[in-house]
Amino acid sequence: MARRSLLVPLLLVQACGAARLRALPHQAAQSDQGQHAITTRLDDATVTVEVEAWRHRPRRLADDYLPFRVEIVNLSRAPVMLQPAEARLLDDHTRVHRPLHPGEVVSLLLEGWGLPALVPSIGFEATGPEPTIFGLELGFHFNRDRDLRDIRRLAFPPEAIPPGGHAEGFIYFPKPPRDARRLTLLLPLDTPSRQHELFFSYAIDH
């Protein structure tokens, strides 16, 4: 008896939370029309930070964590570098939040879920020289790696950015406390001219 399996993806629609982040660019920066991204231009580099940009697996990551998408374009003739682990997030109650390593995010998600991801499988059984489908079964199998690999794959790289190059990726933070109304992301950037401490501010609209 031959067995053929056809995997059918299960689409989960997550409800969006009520809180939204709105860009508050300072005079040396500019925001996009949707007020999600802030761009700061330096002599050595261009740095863009975007919120509400997670459209990958797992889709509910942004329900429990705060991923910032960071993009840096090196405009100089020497390497520039951002260490994601040195980024900090400040709220309006002077609390300082450290970033989470991608592996830490994965571990916390698995611990919170309790079970691996489920993917439905429909199997068809057939017999004879010209198989005819006569049976249908619905089962589930585990696929943790597929649902969580984007967290590591899309994290901002810690390596130096070569001259004329660019890097992009996510830096992950825990969700801010419910009483927070404003957030400021601090990014230390090493450039040929000097070390910059860049800040990107967002209001939390509930």
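Quick note: the coordinates plus some simple rules give every number you see, no bench work behind them. Everything numeric in this text was worked out from a predicted model, so none of it was measured. Cβ: placed from backbone, ideal geometry, glycine included. Neighbour counts: every protein chain shown.
Net charge near Val49, counting Lys/Arg +1 and Asp/Glu -1 over other residues with Cβ under 12 Å of its Cβ?
Working: positive: Arg69; negative: Asp32, Glu50, Glu52, Glu71, Glu168.
So the surrounding residues net to -4.
What list do you get for Thr39, Thr184, Thr191, Thr94 if you sort them by fewest beta carbons within 10 Å? Let's see the in-between values first.
Values: Thr39 18, Thr184 14, Thr191 21, Thr94 6.
Going from sparsest to densest Cβ surroundings: Thr94, Thr184, Thr39, Thr191.
Using Cβ contacts closer than 10 Å as the measure, can you line up Phe156, Phe199, Phe173, Phe68 from fewest to most?
Least crowded to most crowded, the residues run Phe199, Phe173, Phe156, Phe68.
Each label point is 7 Å from the Cα along the Cα-to-Cβ direction; what then is the distance between the points at Leu75 and Arg59, in nm?
Roughly 3.9 nm, to one decimal.
Using a Förster distance of 35 angstrom, determine the FRET efficiency expected from the C-beta separation of Arg146 and His26, and round it to 0.05.
Working: r = 40 Å, r/R0 = 1.16.
With a Förster radius of 35 Å, E is 0.30.
Sticking with the crude label model, points 7 Å out along Cα→Cβ, report the distance from Lys175 to Trp113 in nm, one decimal please.
1.7
Tell me, what is a quarter of the convex hull surface for the C-alpha atoms of region 154-205, in nm² with one decimal?
The Cα convex hull of region 154-205, projected and averaged over all directions, gives 4.9 nm².
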